[in-house]
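A quick write-up on the structure given underneath.
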Amino acid sequence: MAAPLKVCIIGSGNWGSAIAKIVGNNVQTIQKFATTVNMWVFEELVNGRKLTEILNQDHENVKYLPGYKLPENVVAIPDVKDAVRGADLLVFVVPHQFIRKLCDEIVDQVPPKALGISLIKGIDEGPEGLKLISDIIREKMKIDVSVLMGANIANEVAAEKFCETTIGSKNVQNGNLFKELLQTSNFRISVVEDADTVELCGALKNIVAVGAGFCDGLRCGDNTKAAVIRLGLMEMIAFAKLFCKGTVSETTFLESCGVADVITTCYGGRNRKIAEAFVKTGKTIEQLEQEMLNGQKLQGPQTSVEVHQILKQKKIVDKFPLFTAVYQICYEDKPVKELIACLQSHPEHM
């Protein structure tokens, strides 16, 4: 690929906007990247104005990342085909349920040598079992795809508070190119080759966070919540070892994408927050999502559905009691108090 490399960010929610802030600033000082960054924005009206118009005139995503100015070289585009046309580097950051349709729309607009990076936290399940989001992008777009996952609450990243993250890339050269695009003094990046494990961590930790939120709603205390975090991490490792195609390195779970992301999501993320409200209010997950998330999507409960289908298919539901309990509490009316019984009889203690 010849410099300068054109960058397109596909998605403009809370996390997409925080990443756009970093990318927009970085490309102005690194010559190998084109200085204009396209950002695809799902068009909607906010206080009677188009969101793209607000972004391009006021340089702020007032709906999903209010209070933070985006660089003026980030251009909001409502048509996804126009946004990606001719882009060399694609940053995917949309809710995972939309990725197939999006790839189908843009596949003809992207050069064959383009590279992608997925910041999408979720998995898909089909007739053949587990499918990673990066695999869907890879198959549909015929491009190399890295992933970025870590302990990264978007508002804190936008506020330039120090944090770490992990890029997983089977091609380290491509991983390092995205590191150059995304790293700042307060957003420090490690690149590892164990990309599938990195990606699975990003999806599975949201299920653990729902369990942690249930704990908070039940007022179980910090010891119980720590147990949920530890047992959740053990189920994440077991799941990765069963379902990842390549070798799974346990050291990957010590990267930001692993233990750090589990901790931050179990204390600060939206999955924890909604799960706590689920216990306290008795409302459904869908109601709370509409009331509390301002149009953002919740990933934990949805991922628990996909994981449950995969575990059921393989007849190993009983080996993952925390993942299973989260699914059953969210969707099968299992009483939330029974979460504790699931922990008490966890295979880790047998």
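The values are calculated or read from the model by the stated rules, or taken from the named source; none is laboratory data. Computed from a prediction, not measured in an experiment: that's the story for all the values here. As a convention, Cβ positions derive from the backbone with ideal geometry for all residues, glycine included, and neighbour counts pool all protein chains shown. Side chains are part of the model used for accessible areas, which takes the heavy atoms of the whole protein and leaves out ligands, DNA and RNA. Shrake-Rupley method; radii C 1.70, N 1.55, O 1.52, S 1.80 Å.
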Which value, in Å², gives the accessible area per residue of the stretch 100-142 when a 1.4 Å probe is used on the protein heavy atoms? 44 Å²
Using the charge dipole of the chain (Lys, Arg: +1 at Cβ; Asp, Glu: -1 at Cβ; taken about the Cα centre), state which of Ser345, Gly246, Ile99 has its Cα farthest towards the positive end. Ser345
Between the modelled labels at Glu53 and Lys315 (7 Å from Cα along Cα→Cβ) the distance in nm is 6.1 nm
Only Lys, Arg (+1) and Asp, Glu (-1) charged, at Cβ; the chain dipole about Cα centre in debye: 160 debye
Just Ile137, Ile153, Ile30 to compare: in a GNM of the chain, with alpha carbon springs under 10 Å, which one fluctuates most? Ile30
Angle between the chain longest axis and helix 300-313 axis [Cα atoms, degrees, rounded to 10]: 60 degrees
Any idea of Arg100's accessible area? Nearest 10 Å², probe 1.4 Å. 90 Å²
For the pair Met350 and Lys101, what calculated FRET efficiency results from E = 1/(1 + (r/R0)^6), where r is the Cβ-Cβ distance and R0 = 56 Å, to the nearest 0.05? 0.80
Average accessible area per residue (Å²) across the stretch 297-350 - probe 1.4 Å, nucleic acids and ligands excluded: 50 Å²
Exceeding 28 Å between C-alpha atoms, which entries from my cross-link table qualify? They are Lys6/Lys50; Lys161/Lys319; Lys225/Lys334; Lys170/Lys315. Lys161/Lys319; Lys170/Lys315
Where Lys140, Lys273 fall by accessible area, highest first, once all protein chains stay in place (1.4 Å): Lys273, Lys140
Share of accessible surface on carbon and sulfur in the stretch 219-350, whole %, 1.4 Å probe and ligands ignored, is 51 percent
Mean accessible surface per residue for the stretch 173-270, computed with a 1.4 Å probe while every protein chain stays in place, in Å²: 37 Å²
Expressed as a whole percentage, what fraction of the accessible surface of the stretch 82-182 belongs to carbon and sulfur atoms when a 1.4 Å probe is rolled over the protein heavy atoms? 49 percent
From the list (1) 36, 23, 18; (2) 33, 23, 18; (3) 42, 24, 17, can you say which value of semi-axes √(5λ) of the Cα gyration tensor in Å was derived from the structure given? (2)
When the solvent-accessible surface of protein heavy atoms is calculated with a 1.4 angstrom probe, in what order do Met236, Met1 fall, highest first? Met1, Met236
Accessible-area order (highest first, 1.4 angstrom probe) of the listed residues Leu242, Leu293: Leu242, Leu293
Additional length obtainable on full extension of the chain from Asp108 to Ala226, 0.36 nm per residue less Cα span: 37.7 nm
Is it possible to state the helix-based mean residue ellipticity at 222 nm for the chain, with each DSSP H run of 4+ residues giving -39500 (n - 2.57), the sum divided by total residues, to the nearest 500 deg cm²/dmol? What is it? -14500 deg cm²/dmol
Residue separation between Ala3 and Leu218 times 0.36 nm, minus their alpha-carbon distance, gives in nm 71.9 nm
Take the alpha carbon gyration tensor of the stretch 90-160, find the square roots of its eigenvalues, order them as a ≥ b ≥ c, and report rounded if a/c is under 1.5; if not, report prolate when a/b exceeds b/c, else oblate. oblate
Mind checking the stretch 156-214 for chymotrypsin sites (Phe, Trp or Tyr not before Pro) that DSSP puts in a loop (not H, G, I, E or B) and that have at most 11 other Cβ atoms within 10 Å? Phe162
Counting only protein heavy atoms, what percent of the accessible surface of the stretch 1-78 is carbon or sulfur at a 1.4 Å probe? 51 percent
